[in-house]
Amino acid sequence: MFSSFSFYEKARNKEIVAGLSLISIAVILNIVFGYFAMMFALYLSFFKWDYIGEMQFVGLKNFEIVIRDLIRGLHGAPYLLSPFYTGLKNILIYTAIVVPVQTFLAIVLAAFANQKIKGQQFFKVSYFLPATTSSVIVALIFIWLFMKNGFINFALAHIIPGFQPIDWINSREYLLLAIAIVAIWGTSGHFMVSFLAAMQAIPKEIYEAAMLDGAGPIRRFFFITIPMLRPMIVYVVVMGLIGALQMFDLAWVMAGANGGPGGAGYTVALDIYNEAFTRIRPGVAAAKSWFLFAIIFTTTYLFQKKYGRAMR
Amino acid sequence: MKKVLVGGLLIFALLFAVVASGCIGGQTQTPTGETKTETQVKTETKVETQVQEKVFIRFAGWSAGETEMKNYERMIKEFEQKNPTIGVKYEVITQMFHENILASFGAGVAPDVFYLDSSWAPIFIDKGALYPISDLADQSFIDKFYPFLLEPFKKNGKLYGLPKDWSMLALFYNKKLFEQAGLTKPPETWEELEEYAKIIADKTGKPGLAIYLGGFNRYVPVAVSNGAPKPWFEKPEDASWFDNPVVKETLAWYINLYKKGKIEREQQGLTPYVVAPGDVGAGWLGDAFGQQQVAMVISGNWMIPFLADQFPDFKYGEDWDIAPVPAGKSGRVTMAYTVILGINAKSEHPQEAWKFVEFLLGPEGQKELVVKAGQTLPSMKGFENDPDMWPQHRKTLSFKYDDMIVFLWGPKSGPLEGKFSDAMAAAMRGEMTIDEAIEVMKQVVQEELSS
Amino acid sequence: MTPKEKERLIRRIWIVITYVVLLTFALVYLMPFIRSLVASFMTWAQASRYPPEWIPNPFTLENYQKLFRLELFPRWIRNTALYAGLIVAGNVMFTSMAGYAFARLKFPGRDVIFSALLSLLMIPMFVTLVPNYIIIYKLGLIDNIFGLALLGITNVSSIFLMRQYFMSLSNEIFEAARLDGCGPIKAFFYIALPLAKPALGAVAVYQFLGSWNAFIGPLIFLRSPENFTLPVGLSFAFQRAMWTEYTPIIAGSLVASAPTIILFLVLNKYLIRGIVVTGGKG
């Protein structure tokens, strides 16, 4: 009794030491390069500043500005007068479109690319190609494809009878959708790689057993592949949420710093940029960042809590 | 386990050592540390050891490619030869330039000398970030510059920056399309501009004029040339600029250019006579003009190197020409866009920084870096007939204007320009009425300048 | 129809469906790439023409020549390779350790520390620009590729990826190792790491991609043109204050994406062991 207790005790201590030492390098580096900046941002959110002069303590005033913006937006103020509300509304819609679609597409692509068929290599590379180009270049190419007489309208007109060409980039209704399409196109191939990796961890025996039981490919996909991929789905969804809610570069290129027609492509990150560098209110930018942080943290936390518990 | 830990730390330490010594991979050493500076001094000036310590100043700009970088490097070398006690470290920030300069001010590590666009200047001047140039320079030197370019950089009798170069708006027109339409000369007035655009569209099937959706700074010459005061927004009450009847009238005219020239014409099934660059598949006015999709644009000197470089077959003089910006009821007005060289007020070596600025902006520097490069106009008087100046640029300099407005509407120029343009664009597309747009613009002024 | 024939028919149909889906997707994913490949052989006057043209006329190598005429181009490639190499090596080494610890070991504060690390990804960069300047300048790492690399060698997203992968491995193998008296560190090197090859491959691909295309970091912290990485160098060479030369940038980004594709092909054997998912046995 006594000896086995000490055995467990020793093993546990060993595990604690091992765990802490394995994470030490990552934690130290991130404290130096990450948390200092984060604490600075927290500090900044209580100050009025213009980068050049002295900081001025203003208490919660910066947060008040954000809340007033939100209230004004809820009462239907035009977007120029409630930028944060506009950005938030847009980015939530955008995220609700992008994250599920990109995740699902990434799994589907990985599942297909993981099959032993001829030309599999070619398909894999073609799905991966969009991810290799930087998003600014991607956006530039797509602006051109999305033009009124561009290739996308041309293609849609051939697929959908009676299709009227859309001026995607200059339209209030379609700009956000166009940005979302570009994002999905670029990231689904990116996240495909994660799923390809995770699929290698699924034991073959499970598939073989399922086949013996007469389960078809679709059924195997939904009842074996997807559940076995759960931890990686958590990764892709969480990273997707973090990326989508902070989306900046696509909107910057496709919609411009002011969010394009009627602010249709305005995002919270654009608004934070504008606060920090066009209106020179870094304190307000920091306060808005904490609002965004709270939203990202809550959504990812809830998602992880529901699906992403550690195994032991 | 210990082994692993030690191993990990070793790797980490090694990496750090590499970083600290910075000796792998053939990195060119840039003089950043103090020690380096001193050793250089010692080797270079062995005879007069310790007479004077070499001072390093940091100079930051954005880029116009490798050619410009080499020009600058050559000039810097020349400067260092003439001033052996001063070293210059040239830093390039290719994008988000002012954002980075601001952030480096915030961190207390801003460069000694840096570019500064006119629209960003008030922020830097108001907050005391710039060293007053008038305390360093001789008045005779300052007098060599175009006076209207200096105006925006003065405050309380002091001058805070000298322009390194500038550009101005002019009318670019396609001679061939003009010929096809039977037009013999460029439009003289704003009314003629619209009229000609219509004629060209009807006769050639190509839109006569391209303008930006929005683009407040392109509208300002219309207002001022018709008698409106120059826009200036410093306090919330300045929103009353938009109540001026001339402003209301000209703004309506400008917005209607697009509403009538594009939207209504298309509803009638006619060729639009005014378009935005995007309507003809172009990224900006220069593209639309270079592709010969439109006959006229009002744009700046930056068009000139662009057309020469990207559309070499579309020739100045034969295919296209330049004319002054059309006149209004009370004269002819154009916009000027300029970039100054600022000296950091917190610089430890303002004297040396000034020496460098004086060298770059002096006649020698302007000749090499501006006139010969052909990208922009020299900010110093006296080059108007320089044989090295591109003829296109020379022509823009020869135009006579009653007024030149430097792109600057007060301390919040950047955000105001963006938001005004947005409201104007919404009105052009017909998403709101012109009166609604004016109302939004007034609210924006009040909002931006209230705190 | 015998059951066997039926099975064969179903398999055939399935293969046809697979190919149709794969090809459609390939077309959609490749189209912008093909478009930019074609445009890279055009003059801007033609590439920007409206409506779009697909055959370069005149066919020009000027865009690629413009790249190789840049004296600093080879330097930028070397800088980028060095930067990417450091980032990939650092991430593969350090984040696999951390990911394993977070997924498989029990120690106080584990989940809190992990959440805290993850939260670092949730702050927009614009508000951390100033403190980053302070740190980089104070450490004397400005305009230094090694300094820039130090910022990214333990990327939180890689730790997260490794953690999730280690979580998806089955418990039994680790339990068995433990009962055999294999300590946690030993288990990492002899059991976890060999099993983690696919995830390490994914981390390597992601980090290579990220660092090879990185723009904002190098833009802010590298200041001499000869120290630039490729994306910043391209922007330096072809973006003017008022306009941009697009065709050389497109050509440059095509040249730049080649190493990523090669790396992806090389690491492919780790990413794919070829699992039988279709009806056939290979």
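For the reader, a short list of remarks on this structure follows.
- Rounded Å value of the spacing that divides the Cα centres of segment B:336-375 and segment C:95-145: 41
- Helix B:245-258 and the longest principal axis of the Cα set of chain B meet at an angle near 90°.
- Dividing the summed -39500 (n - 2.57) terms of all DSSP H runs of n ≥ 4 by the residue count of chain A sets its mean residue ellipticity at 222 nm at -22500 deg cm²/dmol.
- Mean projected area in nm² (Cα convex hull; one quarter of hull surface) for chain C: 22.7
- Loop-located GluC sites (Glu not before Pro) in segment C:19-110 whose Cβ has at most 13 other Cβ within 10 Å (DSSP): C:Glu71
- Of the whole protein surface, C:Thr128 contributes about 20 Å² of accessible area at a 1.4 Å probe radius.
- Dipole magnitude of the protein assembly as shown, debye to nearest 20 (Cβ charges: Lys/Arg +1, Asp/Glu -1, about Cα centre): 4380
- Dimensionless Rg/Rh of the protein assembly as shown - Kirkwood Rh, Rg from C-alpha atoms: 0.98
- On Cα atoms only, tilt of B:34-44 relative to the major axis of chain B in degrees: 80
- B:Trp320 - accessible surface, heavy atoms, 1.4 Å probe, Å² rounded to 10: 10
- With each label modelled as a point 7 angstrom along the Cα→C-beta vector, the B:Lys154-B:Gln351 pair spans 2.8 nm.
- Estimated buried accessible area (total), pair A and C, 1.4 Å, Å² to nearest 100: 10100
- Solvent-accessible area of A:His158 with every protein chain in place, 1.4 Å probe, in Å² to the nearest 10: 140
- When Rg and the Kirkwood Rh are both derived from Cα coordinates, the Rg/Rh ratio for segment A:1-126 amounts to 1.22.
- Residue (of B:Ala110, B:Pro122, B:Val88) at the positive-pole extreme of segment B:77-178, dipole from beta-carbon charges: B:Pro122
- Each chain gives up part of its surface: B and A jointly bury about 2800 Å² of accessible area, both sides summed, for a 1.4 Å probe.
- Estimated translational diffusion coefficient (Stokes-Einstein, Kirkwood radius over Cα pairs, 25 °C, 0.890 mPa s) of segment C:103-234: 141 µm² per second.
- Counting only lysines at least 8 places from A:Lys305 when in the same chain, those with an alpha carbon closer than 23 Å to its own are C:Lys106.
- Per-residue 3J(HN,Hα) values for segment B:95-109, derived from phi via the Karplus relation 6.51 cos²θ - 1.76 cosθ + 1.60 with θ = phi - 60°, read 9, 6, 4, 5, 4, 5, 5, 4, 4, 6, 5, x, 8, x, 10 Hz in sequence order (x marks Gly and Pro).
- For chain B, the share of DSSP beta bridges that are antiparallel, to the nearest 5, is 60%.
- Placing pseudo-labels 7 Å out from each Cα toward the beta carbon at B:Lys77 and A:Lys14 gives an inter-label distance of 6.6 nm.
- Inter-centroid distance (Cα atoms) of segment C:215-258 relative to segment A:223-254, Å: 28
- Taking amide H positions as modeled 1.01 Å from N, with prolines and chain starts lacking one, the residues under 5 Å from B:Glu91 and 5 or more places away or on another chain are B:Phe59, B:Ala60, B:Gly61.
- Zero-based 10 Å bins, Cα pair distances in segment B:266-374, whole percents: 11, 27, 27, 20, 11, 3, 1
- Distance from segment B:305-330 to segment B:172-212 (C-alpha centre basis), Å: 13
- Since only C:Ser119, B:Leu307, B:Val220 are under comparison, the one whose Cα sits farthest along the positive direction of the charge dipole of the protein assembly as shown, derived from C-beta charges on Lys, Arg, Asp and Glu, is C:Ser119.
- With a 10 Å cut-off around each Cβ of B:268-277, the average count of Cβ atoms from other chains is 0.
- Given chain A, longest segment not containing exposed loop GluC sites (Glu not before Pro) (DSSP; at most 13 other Cβ within 10 Å): A:174-312
- Taking all protein chains together and a 1.4 Å probe, the residues A:Ile28, B:Ile255 rank A:Ile28, B:Ile255 from largest to smallest accessible area.
- For peptide C:94-104, the mean count of partner chain Cβ atoms within 10 Å of a residue's Cβ comes to 6.
- Percent antiparallel among DSSP beta bridges (both partners in the protein assembly as shown, rounded to 5): 60
- For the residues of C:226-234, the average number of beta carbons from a partner chain within 10 Å of their own beta carbon is 3.
- Entries in B:Lys176/B:Lys260; B:Lys235/B:Lys329; A:Lys124/A:Lys306; B:Lys154/B:Lys412 that, when Cα-Cα distance is taken, lie over 22 Å: B:Lys176/B:Lys260; B:Lys235/B:Lys329; A:Lys124/A:Lys306
- If a spin label sat at a point 7 angstrom from the Cα of A:Gln121 along the line to its beta carbon, no backbone N atom of segment C:9-48 would be nearer than 11 Å.
The values are calculated or read from the model by the stated rules, or taken from the named source; none is laboratory data. Here the structure is a predicted model, which means the values were calculated and not measured. A quick note on method: Cβ atoms are made from the backbone with ideal geometry, for glycine too, and the neighbour counts reach across all protein chains shown. Accessible surface areas use protein heavy atoms only, side chains included; no ligands, DNA or RNA. Shrake-Rupley method; radii C 1.70, N 1.55, O 1.52, S 1.80 Å.
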